[in-house]
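*Asks:* Okay, here's the structure, questions in a sec.
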Amino acid sequence: MIVELAVLTIDPSRTAEFEAVFPTAIAVLARSKGYLAHELRRSVETPNRYALRVEWATLEDHMVGFRGSPAYAEWRAYVGPLFTTPAVVEHFSPVAGEED
């Protein structure tokens, strides 16, 4: 399993809009092959910054399957206009002694 961590910085005047549209946007992503789960958290210190954690079966499921699909454009159409800066995205794999 791969964990995608994305830091999303939203226009401060549009955080309510982001939170309202997020369930629709994440449903698009959740239909993708390899999607396992997600979690969205809002920063306490910077209320217009969110951490999105998505679990994927493989890196390719995210980077090729989802990002190369029409679903990615649909996801971006919902949330992209609300970003003030591009999302910062990294992928994490298990370390020794944990899930392989």
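*Asks:* Name the single residue that is surrounded by the fewest Cβ atoms within 10 Å (Cβ to Cβ) among those in segment 57-80 being more than 24 Å from residue 1 (Cβ to Cβ) and touching a helix residue (DSSP H, G or I) at 6+ places or on another chain (Cβ under 6 Å).
*Replies:* 74
This table checks each residue for (1) small (Gly, Ala, Ser); (2) closer than 26 Å to residue 95 by Cβ; (3) at pLDDT below 95.
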site: 5; (1), (2), (3): no, yes, no
site: 21; (1), (2), (3): no, no, no
site: 27; (1), (2), (3): yes, no, no
site: 32; (1), (2), (3): yes, yes, no
site: 35; (1), (2), (3): no, yes, no
site: 44; (1), (2), (3): no, no, no
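*Asks:* Is there any pair linking a residue in segment 56-67 that is at pLDDT 95 or above and assigned to a helix (DSSP H, G or I) to one that is among the acidic types (Asp, Glu) and buried (at least 18 other Cβ atoms within 10 Å of the Cβ), with Cβ under 7 Å and at least six apart or on different chains, and which?
*Replies:* As it stands, the answer is 62/4, since those pairs meet every condition given.
*Asks:* Still on this model: Where residues in segment 22-43 are over 19 Å from residue 67 (Cβ atoms) and basic (Lys, Arg), which of them is nearest to the chain's Cα centre (by Cα)?
*Replies:* So, considering only residues that are over 19 Å from residue 67 (Cβ atoms) and basic (Lys, Arg), the one nearest to the chain's Cα centre (by Cα) is 41.
*Asks:* Name the residues in segment 79-98 that are within 23 Å of residue 60 (Cβ to Cβ) and part of a loop (DSSP other than H, G, I, E, B), would you?
*Replies:* Answer for segment 79-98, where residues must be within 23 Å of residue 60 (Cβ to Cβ) and part of a loop (DSSP other than H, G, I, E, B): 86, 87, 93, 94, 95, 96, 98.
*Asks:* Among 37, 73, 30, 77, which is in contact with a His (Cβ under 8 Å, 6 or more places away or on another chain), of a type outside the set (D, E, K, R) and free of Cβ contacts under 8 Å to residues at least 40 places away in the same chain?
*Replies:* Values: 37 fails: in contact with a His (Cβ under 8 Å, 6 or more places away or on another chain); 73 fails: in contact with a His (Cβ under 8 Å, 6 or more places away or on another chain); 77 fails: in contact with a His (Cβ under 8 Å, 6 or more places away or on another chain).
Residue meeting the stated conditions: 30.
*Asks:* Looking at (1) in contact (Cβ under 8 Å) with a residue 40 or more places away in the chain; (2) part of a strand (DSSP E or B); (3) more than 23 Å from residue 65 (Cβ to Cβ), which is the one condition that is false for residue 17?
*Replies:* With (1) in contact (Cβ under 8 Å) with a residue 40 or more places away in the chain; (2) part of a strand (DSSP E or B); (3) more than 23 Å from residue 65 (Cβ to Cβ) applied to residue 17, the lone miss is (2).
*Asks:* Tell me which residues, restricted to segment 39-49, are surrounded by 14 or more Cβ atoms within 10 Å (Cβ to Cβ) and out of contact with any Ser or Thr (no Cβ under 7 Å at 6 or more places or on another chain).
*Replies:* Result: 40, 42.
The values are calculated or read from the model by the stated rules, or taken from the named source; none is laboratory data. Worth saying up front: this structure is predicted, and the values here are computed from it rather than measured. Backbone-built Cβ (ideal geometry, glycine too); neighbour counts: all protein chains shown.
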